[in-house]
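Read the structure below first, then the notes.
The values are calculated or read from the model by the stated rules, or taken from the named source; none is laboratory data. As the structure is a prediction and not an experimental result, all values here were calculated from the model. Every residue, glycine as well, gets a Cβ built from its backbone with ideal geometry; the counts of neighbours run over all protein chains shown.
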Amino acid sequence: MIMSASDRPDDAPMGRPTSYRKEYVELARNYCLLGATNKILGEYFGVTDRTITTWMLQYDEFDAAVKSGRAKADSEVAASCFKRAVGYSYVQQHINKKGDLITLRTEMPPDVHAQIFWLTRRQRDLWAANPDTPIDDRGMLAPIGSAALVEAARRIAFILARATQGEAVTVEPKEVENVKSTKG
């Protein structure tokens, strides 16, 4: 028997039943901690990325789980990138041939590529090779050419030189052009 719209009870759901399950909340959060996009979540749950977006709009707990998983993963990666950009140290312990416990502190110097990556995204107007370059859907800039790497390295050297002298540094792009290299 086919029901007309007027015969349908008011509380009866319209359309196909959802495949959403409450147990997807924790699974989605865990997958997002690993960097999952809506497309990847959709593949895992056997639905489309559009369905994932719909679930995020319809189910607050699912939306919160996806967003919290992504935020935690993003913040950990940002912290690691920052550590790499400014340098860090770590302690290792091992036992030598005599059976003595040896503690070594290793200093990791700042990484220019991590600095460039960080600054071209955090202060795009000052640091991007071309600030008008569109960012793709992954948040990535167009590849940086060697001339842009040299310029970014010059800017970083300028800031580091001023900062080591105890100066607060605000860099305008034109300031960097005035820096001359000196050979000692």
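Confirm whether T106 is under 19 Å from Y31 (Cα atoms) and surrounded by fewer than 17 Cβ atoms within 10 Å (Cβ to Cβ). So T106 fails the test. Once the stretch 77-103 is narrowed to residues that are assigned to a strand (DSSP E or B) and of a type in the set (S, T, Y), the residue that is surrounded by the most Cβ atoms within 10 Å (Cβ to Cβ) is Y88.
Assess whether P110 counts as being modelled with pLDDT of 75 or more and in a loop (DSSP other than H, G, I, E, B). Spelling it out, P110 is indeed modelled with pLDDT of 75 or more and in a loop (DSSP other than H, G, I, E, B). Please verify whether the stretch 47-60 includes one or more residues that are closer than 18 Å to D74 by Cα, in the same structural domain as A78 (by TED's automatic domain parsing) and crowded, with 17+ Cβ neighbours inside 10 Å. Scanning the stretch 47-60 turns up no residue that is closer than 18 Å to D74 by Cα, in the same structural domain as A78 (by TED's automatic domain parsing) and crowded, with 17+ Cβ neighbours inside 10 Å.
Yes/no matrix, rows are residues, columns are (1) under 23 Å from L33 (Cβ atoms); (2) modelled with pLDDT under 85; (3) among the basic types (K, R); (4) not assigned by TED's automatic domain parsing to the domain that holds R155:
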position	(1), (2), (3), (4)
C81	yes, no, no, yes
Q92	no, no, no, yes
T120	no, yes, no, no
L126	no, yes, no, no
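Among residues belonging to the stretch 61-76 that are surrounded by 12 or more Cβ atoms within 10 Å (Cβ to Cβ) and of a type outside the set (A, V, I, L, M, F, W, C), point out the one that is farthest from M108 (Cα to Cα). Applying the filter and picking the extreme gives E61. None of E167, E151, E172 is acidic (D, E) and at pLDDT 70 or above except E151. Here R21 meets the list (1) within 30 Å of I116 (Cβ to Cβ); (2) part of a loop (DSSP other than H, G, I, E, B) almost entirely, failing just condition (1).
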